[in-house]
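Inspection log for the structure reproduced underneath, given as structure tokens.
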Amino acid sequence: MPVQSLFGGAISIDIPQGMVDISNFREVPDNQEVFANADTDQSVIVEILESIEQQSHEAIKFHFEQLAETNEAPNIHIIKTEDVKVDGIPLAYMLVGQQQIAKFNEREQGENSVLVVLALLRVPDHTADILVSLNAPTSVSKHSSSYKNIDMLQIDASKATDQFLEMLHTFKINDYSLFG
């Protein structure tokens, strides 16, 4: 996995091979870094948010539910939540879940089932929450524009989670001035 500098070098993390920086193709909000693999339709997103009130596993569940709302996901399922260790981060949690998501404006054509592996990294001294997510389609509607990649979708939840944890263990904040 190649190391990527994020947010002007303030954060670094290894991103899975084959992922490209989406900001080279379309506008991405300033508080996000987005990478995607066109062959597998997998994506990795790193997002900096203001810290929320909820604590521990309730906080990561809240973020997962907010993501589902943003994605207009009619069905979600939380598979598991757990504490994780990330160097330099005092509080870190991981959630593995499933969401039914339509791609872009394809809601009428059908939804894809997407495995979402989400980490919440809390930076309490700077009242910031950092979300890192891996999104991996596990089944695709035959009407989706992603259907052409159907052979690439042999995603195993435990393998995706292991890959995510490997990536997460390389996460590093290099410059805390990023948080103001």
Subset of segment 59-73 [in contact with a helix residue (DSSP H, G or I) (Cβ under 9 Å, 6 or more places away or on another chain) and surrounded by fewer than 18 Cβ atoms within 10 Å (Cβ to Cβ)]: Glu72
Return the residues of segment 42-56 that are of a type in the set (A, V, I, L, M) and assigned to a loop (DSSP other than H, G, I, E, B); say none if nothing qualifies. Ile52
Looking at segment 18-25, is at least one residue touching a residue at least 60 places away in the same chain (Cβ under 8 Å) and farther than 14 Å from Leu118 by Cα? no
Exclusive hit being of a type outside the set (Lys, Arg), in contact with a Phe, Trp or Tyr (Cβ under 7 Å, 6 or more places away or on another chain), under 21 Å from Glu166 (Cα atoms) and open to solvent by 20 Å² or more (accessible area, probe 1.4 Å), set Asp87, Asp41, Asp21, Asp14: Asp21
Counting only residues in segment 155-169 that are of a type in the set (A, V, I, L, M, F, W, C) and over 15 Å from Val86 (Cβ atoms), the one modelled with the highest pLDDT is identified as Ala160
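The values are calculated or read from the model by the stated rules, or taken from the named source; none is laboratory data. Predicted model only: the values in this text are computed from it and were never measured. Quick reminder, even Gly has a Cβ in these numbers, built from the backbone with ideal geometry, and neighbours come from all protein chains shown. Heads up: the accessible areas ignore ligands, DNA and RNA and are worked out on the full protein's heavy atoms, side chains in. Shrake-Rupley method; radii C 1.70, N 1.55, O 1.52, S 1.80 Å.
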